[in-house]
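Written below as structure tokens is the structure these notes are about.
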Amino acid sequence: MKRYLFPDDFMADPSAHVFNGRIYIYPSHDWECENVENDNGDQYVMKDMHVLSIDGDPMTGTVTDHGKALDIADVPWAGRQLWDCDCAEKDGKYYLYFPLKDKNDIFRIGVAVADRPEGPFVAEPDPIRGSYSMDICVLHDDADGEYYLYFGGLWGGQLQRYRDNKALESAYLPEGAEPSLPSRCVRLSKDMLQFAEEPRPVQVVDADGKPLRADDPHRFFEASWVHKYNGKYYFSYSTGDSHLLCYAVGDNPYGPFVYQGVILTPVVGWTTHHCIIEYEGKWYLFHHDSVPSGGKSWLRSLKVCELTYDADGRIQTIDGGGTGE
Ligand code: FUB
């Protein structure tokens, strides 16, 4: 069984967490746009974001829209395009991490702080130092108490413009047998407002320990998410132009992660994006598709379904019901 969570509006890229016993969702807020659809993602013109919550069981519980929690008009360094956010709680404060293009059209990562999970969030005056690219996930690791931020995405996500955390003179996207570009992981500072170290590459490797090739349809493209199951770290992601959600498993937050398989086959709509959480002993996949908008890839709707593991901890593949178009 699958459920459309919020038919009243177009929202996408869900990041969900259980705060104070309740599920909160931090989605992107899709808008109709006049731009031509292109590989740079100019059609994703999000200007604000709302926080949603669910009372009880995600498959049946009432969904509440808590209203606008962040508006790019209130971010001093904002240019355009507020994409996939995530939120973490520390010592009773809530930290929203958001990717947004600055006035030079370069993606940076900002932080906004609130006293409640639903916001409103107040943005710090500047983006995080040394931040770049987009698609945020934050893991609060119960093993060491630290917070790890994952980010990065190809094409419109601008990851191909960087190597070793430095901007290249010209962007370079690996091809063919070259190793694919990895997502990034970085530990956050104690005050949650900066990186505590240089971001590290998150390698997805095959059974022989080799990074997946650039032409592998299961390689990382965008939409990192990390959750823990039976003490293992599950790194999941979108493969972009091959329209899958895949996952890989590792022993620590930085990886490497060994490729395991497909979580969700293509949906209706070009993008696929998700998060995975446990709620009252069951596991759920939150994601989006473009069925309600008639296949408009920039007008997406939030969905949820149950996710199951086999006895070896392998995630059972879910049918997305589309072709990625
Ligand atoms: O919502 C804009 C972009 O589309 C996200 O950042 C990607 O993950 C894809 O869902």
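Couple of notes before you dig in:
Conditions (1) away from the ligand (no atom under 16 Å from the Cβ); (2) out of contact with any Gly (no Cβ under 6 Å at 6 or more places or on another chain); (3) within 28 Å of ASN230 (Cα to Cα); (4) open to solvent by 40 Å² or more (accessible area, probe 1.4 Å), marked per residue:
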{"position": "ARG161", "(1), (2), (3), (4)": "no, yes, no, yes"}
{"position": "ALA167", "(1), (2), (3), (4)": "yes, yes, no, yes"}
{"position": "TYR172", "(1), (2), (3), (4)": "yes, yes, no, yes"}
{"position": "GLU178", "(1), (2), (3), (4)": "yes, yes, no, yes"}
{"position": "SER189", "(1), (2), (3), (4)": "yes, yes, yes, no"}
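- Qualifying residues in the range 256-270 (those that are open to solvent by less than 10 Å² (accessible area, probe 1.4 Å) and over 16 Å from TYR234 (Cβ atoms)) - the one nearest to the ligand (Cβ to nearest atom): GLY269
- Of the residues making up the range 257-276, just one is in contact with a Gly (Cβ under 6 Å, 6 or more places away or on another chain) and under 29 Å from ASP144 (Cα atoms), namely PHE257.
- Neighbours by Cβ (under 6 Å, 6+ apart or cross-chain): first from the range 260-282, more than 13 Å from CYS305 (Cα to Cα) and at pLDDT 95 or above; second open to solvent by 40 Å² or more (accessible area, probe 1.4 Å) and charged (D, E, K, R): THR265/ASP319
- For the condition within 17 Å of ILE25 (Cβ to Cβ), within 15 Å of the chain's Cα centre (by Cα) and not aromatic (Phe, Trp, Tyr), ASP86 qualifies.
- Of the strands (runs of 3 or more DSSP E) contained entirely in the range 6-104, not one carries at least 3 residues that are within 16 Å of the ligand (Cβ to nearest atom), free of Cβ contacts under 8 Å to residues at least 24 places away in the same chain and more than 15 Å from ASP135 (Cα to Cα).
- From the list LYS232, LYS296, the one residue that fits, being within 16 Å of the ligand (Cβ to nearest atom), surrounded by fewer than 21 Cβ atoms within 10 Å (Cβ to Cβ) and not acidic (Asp, Glu), is LYS296.
- On inspection, ILE277 passes the criterion of being over 24 Å from LEU173 (Cβ atoms), β-branched (Val, Ile, Thr) and away from the ligand (no atom under 16 Å from the Cβ).
- Failed item, numbered, when GLY119 is tested on (1) open to solvent by 10 Å² or more (accessible area, probe 1.4 Å); (2) assigned to a loop (DSSP other than H, G, I, E, B): (1)
The values are calculated or read from the model by the stated rules, or taken from the named source; none is laboratory data. Computed from a predicted structure; not experimentally measured. FYI the Cβ positions are ideal-geometry reconstructions off the backbone, even for glycines, and counts take in every protein chain you see. Heavy atoms of the whole protein, side chains included, go into the accessibility calculation; ligands, DNA and RNA do not. Shrake-Rupley method; radii C 1.70, N 1.55, O 1.52, S 1.80 Å.
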